[in-house]
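The values are calculated or read from the model by the stated rules, or taken from the named source; none is laboratory data. Predicted model, so just to flag it, every value in this text is computed and none were measured. All Cβ positions, glycine included, derive from the backbone under ideal geometry; neighbour counts span all protein chains shown.
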């Protein structure tokens, strides 16, 4: 099968399209023929492998590999068809169309991947293309985790979303509106209409206006891109407001502990769990027309380096997606 292999850290040019052996499912696994995958900011950070690009250095480096990527086929969001199932699998059958997050197993930049059936895998919403479905799992699940589970967002509360035009941010705007909040998005001037179209009640162009200097107070400030700090945001928080950094790093740990002890304004963060129930829930919201994926650009698998270069610039709107052609016959090995 074809796969994009990253055998060393570096620029997008380290990504090489190769022929590799197609995997076969173990008893508890499903084999997915991948039709589309996303190129996320997290994929770029893993490919770079640099101190400044990886939160929780050096622990993150230990997880992904010291000298080179521990798992050379990157990519964690995908959509495709179940090709085969292991003997113990009960949730899925061959022919099911699914979308999934492979998590630390990665492997989405390929024509096939094997995943345990208890991973974050769900039936693809009928109205979505494979490309659209591949843009859902991480961004939407992250937004759901922070707004519903960490902030416990309530109807009528005011929420500010920093990075409202990005992968997590576009879902955060839509989910916050669904939860009944008054939503203000922060983005570049070029993306104001996009964010308004997703349901934001107000939009701030960060190049023209400082949200922290406007006098508004928010119950929740959700930084989806790691461009702010609690010190900068707390002046714009309500007395019992919550600051949510989606990109968690060392400084947030003592802030979370201290603010939890003293009460008042709080810092809450964490890592979104890979729950299949959440992905199924998001699929239901998509089919009900509550949320929708936003796709900026699509690339064929062969243009993976160009896709990474574009994402690396940090200006994408929503998601960047790889279209993966149907696989040809290949050797199967365990």
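Is it the case that the stretch 86-100 has a residue that's farther than 21 Å from residue 19 by Cα, in contact with a helix residue (DSSP H, G or I) (Cβ under 7 Å, 6 or more places away or on another chain), at pLDDT 95 or above and surrounded by 16 or more Cβ atoms within 10 Å (Cβ to Cβ)? Yes - at least one qualifying residue is present in the stretch 86-100. Checking the structure you have, find out if any residue of the stretch 95-107 is within 24 Å of residue 132 (Cβ to Cβ), free of Cβ contacts under 8 Å to residues at least 24 places away in the same chain and part of a loop (DSSP other than H, G, I, E, B). Looking for residues that are within 24 Å of residue 132 (Cβ to Cβ), free of Cβ contacts under 8 Å to residues at least 24 places away in the same chain and part of a loop (DSSP other than H, G, I, E, B), one finds at least one in the stretch 95-107, hence yes. Taking the conditions (1) more than 25 Å from residue 240 (Cβ to Cβ); (2) in a helix (DSSP H, G or I); (3) in contact with a strand residue (DSSP E or B) (Cβ under 7 Å, 6 or more places away or on another chain) in turn, residue 194 satisfies each one other than (3).
Within the stretch 71-91, being under 13 Å from residue 114 (Cβ atoms) and under 24 Å from the mean Cα position of the chain (by Cα) holds for 71, 73, 78, 80, 82.
Looking only at the stretch 203-231, count how many residues are in a loop (DSSP other than H, G, I, E, B), more than 23 Å from residue 40 (Cα to Cα) and touching a strand residue (DSSP E or B) at 6+ places or on another chain (Cβ under 6 Å). Talk me through it step by step, then tell me what you get.
Our first condition is that a residue be in a loop (DSSP other than H, G, I, E, B); within the stretch 203-231, this holds for 206-210, 214-217, 224-229.
Filter again for more than 23 Å from residue 40 (Cα to Cα), leaving 207-210, 214-217.
Checking the rest, the ones that are also touching a strand residue (DSSP E or B) at 6+ places or on another chain (Cβ under 6 Å) come to 217.
Summing the residues that are in a loop (DSSP other than H, G, I, E, B), more than 23 Å from residue 40 (Cα to Cα) and touching a strand residue (DSSP E or B) at 6+ places or on another chain (Cβ under 6 Å) in the stretch 203-231 gives 1.
Return the residue satisfying two criteria in turn: it lies in the stretch 292-314 and is out of contact with any strand residue (DSSP E or B) (no Cβ under 9 Å at 6 or more places or on another chain) and outside any helix (DSSP H, G or I), and of such residues it is surrounded by the most Cβ atoms within 10 Å (Cβ to Cβ). Only one residue tops the list, namely 292.
Would you check if residue 200 is assigned to a loop (DSSP other than H, G, I, E, B) and in contact with a helix residue (DSSP H, G or I) (Cβ under 9 Å, 6 or more places away or on another chain)? Yes; evaluated as a whole, the condition is true for this residue. Checked against (1) part of a loop (DSSP other than H, G, I, E, B); (2) touching a strand residue (DSSP E or B) at 6+ places or on another chain (Cβ under 9 Å); (3) touching a residue at least 60 places away in the same chain (Cβ under 8 Å), residue 250 meets all criteria but (2). Within this structure, residue 74 fails the test of being closer than 29 Å to residue 252 by Cα and either in a helix (DSSP H, G or I) or assigned by TED's automatic domain parsing to the domain that holds residue 169 (or both).
Which of the strands (runs of 3 or more DSSP E) contained wholly in the stretch 1-60 include at least 2 residues that are crowded, with 18+ Cβ neighbours inside 10 Å? Steps first, answer last, please.
Numbers: elements: 2-6, 15-19, 29-38.
Once the strands (runs of 3 or more DSSP E) in the stretch 1-60 are filtered for at least 2 residues that are crowded, with 18+ Cβ neighbours inside 10 Å, what remains is 2-6, 29-38.
Kindly establish whether residue 234 is more than 19 Å from residue 149 (Cβ to Cβ), assigned to a loop (DSSP other than H, G, I, E, B), in contact with a strand residue (DSSP E or B) (Cβ under 9 Å, 6 or more places away or on another chain) and not assigned by TED's automatic domain parsing to the domain that holds residue 128. It is false that residue 234 is more than 19 Å from residue 149 (Cβ to Cβ), assigned to a loop (DSSP other than H, G, I, E, B), in contact with a strand residue (DSSP E or B) (Cβ under 9 Å, 6 or more places away or on another chain) and not assigned by TED's automatic domain parsing to the domain that holds residue 128.
A residue that is at pLDDT 95 or above, closer than 20 Å to residue 20 by Cα and surrounded by fewer than 18 Cβ atoms within 10 Å (Cβ to Cβ) occurs somewhere in the stretch 62-81. Give the stretch 273-291 a look and list any residue that's surrounded by fewer than 20 Cβ atoms within 10 Å (Cβ to Cβ) and not in a helix (DSSP H, G or I), or say none. Matches in the stretch 273-291: 273, 275, 288, 289, 290. Selection of the stretch 99-149 for residues being in contact with a strand residue (DSSP E or B) (Cβ under 6 Å, 6 or more places away or on another chain) and on the phi > 0 side of the Ramachandran plot yields only 107.
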